[in-house]
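Read-outs throughout are calculated quantities, based only on the coordinates presented, and are distinct from any laboratory measurement. It should be emphasised that the depicted structure is a prediction, and the values quoted were computed from it without experimental measurement. Cβ placement follows ideal geometry from the backbone for every residue including glycine, while neighbour counts extend to all protein chains displayed.
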Amino acid sequence: MSTAGNNLSIVKGSTTIKSKEDTEVGIVWAEWNEEVTGKLRDGAINTLLNHGVKRENINIKAVPGTFELVAAAKWMAEYSTVDAVICIGVVIQGDTRHFDFICGPVAQGLINLNIEFEIPFIFGVLTTNDLQQAIDRAGGKHGNKGDEAAITALKMIALQEELLDEDLGFDEDELDED
Ligand code: DLZ
């Protein structure tokens, strides 16, 4: 997350995240708190473009609120050919108990999709105590969680491709010798 000293927008380690020419990424974003989610969405788009993803290969769809992210992400995985889906939302702890009902279940829903489908689903949902904390993480003093979500998507796509390539070199006969 975009917390001081742990900012995924800064690409660390040996992971190569230059995307392949045909990499396709889906973005589903919640219009609730649009002044913040729009910045997260745009940060994700710019980061994907900066890492070589073609604009026509970024499929962007809006949903009313964070609660709808899981269904939209599932449909995108089922009906399109994206290599990853970035899910963007902002849930601010306020006067209602909405925060309690939404955050955990949406995270769990995306975990379930990660298990069900062969592509990564990225949790780009800010869960903050107030609006200012969200603004700080949407292009403010704590970076942009949208950038981080895009970097995470590209890293996961690269990891999957790496593992698939290794699998292609796997010789099943070697197992029989034991
Ligand atoms: C209803 C609601 C409330 C109170 N708060 C938020 C929020 O902070 N962030 C967000 O993304 N969505 C919120 N929503 C809308 C729900 O996510 C959802 O769209 C509606 O309950 C309809 O299913």
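Quick notes on this structure:
- Q108-E56 pseudo-label distance in nm [points 7 Å out on the Cα-to-Cβ vector]: 4.2 nm
- Relative packing of peptides 100-106, 61-67, 88-94 - highest average C-beta neighbours within 10 Å first: 88-94, 61-67, 100-106
- Full-stretch length increase - R97, L49 - with 0.36 nm per residue and alpha-carbon distance subtracted: 13.5 nm
- Charge dipole (the stretch 25-166, unit charges on Cβ, about Cα centre) - positive-most of P120, G109, I135: I135
- Histogrammed with a bin width of 5 Å, the alpha carbon distances of the stretch 24-154 distribute as 2, 12, 23, 25, 21, 12, 4, 1, 0 percent, first bin at zero.
- Rounded to whole numbers, the Karplus 3J(HN,Hα) couplings from phi for the stretch 153-162 are 4, 5, 5, 5, 4, 5, 5, 5, 5, 4 Hz, using 6.51 cos²θ - 1.76 cosθ + 1.60 with θ = phi - 60°, and x at Gly and Pro.
- Put a dot 7 Å past the Cα of L163, heading toward its Cβ, do the same for Y79, and the two dots end up 2.8 nm apart.
- Cross-link pairs exceeding 19 Å between alpha carbons, from the set K20/K54; K39/K141; K39/K145; K39/K61: none present.
- Sorted ascending by nearby beta carbons within 10 Å, beginning with the fewest, M156, M76 become M156, M76.
- Only beta bridges with both residues in the stretch 25-166 are counted; by DSSP, about 10 percent of them are antiparallel.
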